[in-house]
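Enquirer: What follows is a structure written as structure tokens; I'll ask about it next.
What follows draws every value from the coordinates through simple rules; no lab data is involved. Small disclaimer: the values here were computed from a predicted structure and weren't measured. Here Cβ is always computed from backbone atoms with ideal geometry, including for glycine, and neighbour counts include all displayed protein chains.
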Amino acid sequence: MKYKKAKFLISNGESLREVSGYTFEAMFSTADVHMLGVHHEKGTARKHAHWVVTDLNTGLLVNEGATRKEAVELFMSVNLSKLERLVYSNVHYSASPACHENSYEHLCSVFEEMARDYEKRA
């Protein structure tokens, strides 16, 4: 697996922040490549330092691990297939007949809008 140093945005669902970490590619069973990020979060009084895998299209946390290797291995062995099912889901975000977005596409749209607003303020 190749990692590339990068800065990227992560989301808590309400706000964004930029982190320094690494990007890497994961391949779905369809042979489509999906970009993810992994970054180190410093510990707090309630939580130990850990590594976080983030979906770069939504900015959302996918999973965590004590080390970068552990976090990425967990993603590859457990969460890659879950993410793939979410990305290719046929379940529409809204019950409206005019809605053609699934939940993942909707999360991507919301994140893109938040990222544009974030860049304007920066």
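Enquirer: By how many nm would the segment from residue 47 to residue 61 lengthen if fully extended, with 0.36 nm per residue of separation less the alpha-carbon distance? Each step should come with its number before you reach the end.
Expert: Numbers: separation 14, 0.36 × 14 = 5.04 nm, distance 1.58 nm.
Stretched fully, the residue 47-residue 61 segment lengthens by 3.5 nm.
Enquirer: Which of 77, 103, 20 ends up with the largest GNM mean-square fluctuation for the chain, with Cα atoms connected below 10 Å?
Expert: 77
Enquirer: Taking the simple approach of a point 7 Å from Cα along Cα-to-Cβ for both residue 33 and residue 101, what is their distance in nm?
Expert: It works out to 2.7 nm between the two label points.
Enquirer: Residue separation times 0.36 nm, minus the C-alpha to C-alpha distance between residue 69 and residue 88: what's the value? Walk me through the intermediate numbers first.
Expert: On the way: separation 19, 0.36 × 19 = 6.84 nm, distance 2.67 nm.
4.2 nm is the gain from fully extending residue 69 to residue 88.
Enquirer: Here's something else I'd like to know. Would you mind ranking 116, 46 so that the residue whose beta carbon has the fewest other beta carbons within 10 Å leads the list? If you can, show how the numbers build up before the last one.
Expert: Numbers: 116 9, 46 5.
Neighbour counts put them in this order, fewest first: 46, 116.
Enquirer: Can you give the extra length, in nm with one decimal, that the chain gains between residue 25 and residue 116 once fully stretched, where that is 0.36 nm per residue apart less the Cα-Cα distance? Please report the intermediate quantities before stating the final value.
Expert: Values: separation 91, 0.36 × 91 = 32.76 nm, distance 2.37 nm.
Gain on stretching residue 25 to residue 116: 30.4 nm.
Enquirer: Please list, or write none, the lysines whose alpha carbon is within less than 19 Å of the alpha carbon of residue 120, excluding same-chain residues fewer than 8 places away.
Expert: 7
Enquirer: Here's a follow-up. Can you tell me which of 21, 59, 43 moves the most in a GNM of the chain? Springs connect C-alpha atoms under 10 Å apart.
Expert: With Cα springs under 10 Å in the chain, the top fluctuation among 21, 59, 43 is at 43.
Enquirer: For the chain, modelled as a Gaussian network with Cα springs under 10 Å, which listed residue fluctuates most, 82, 69, 47?
Expert: Of 82, 69, 47, the most mobile in the Gaussian network model is 47.
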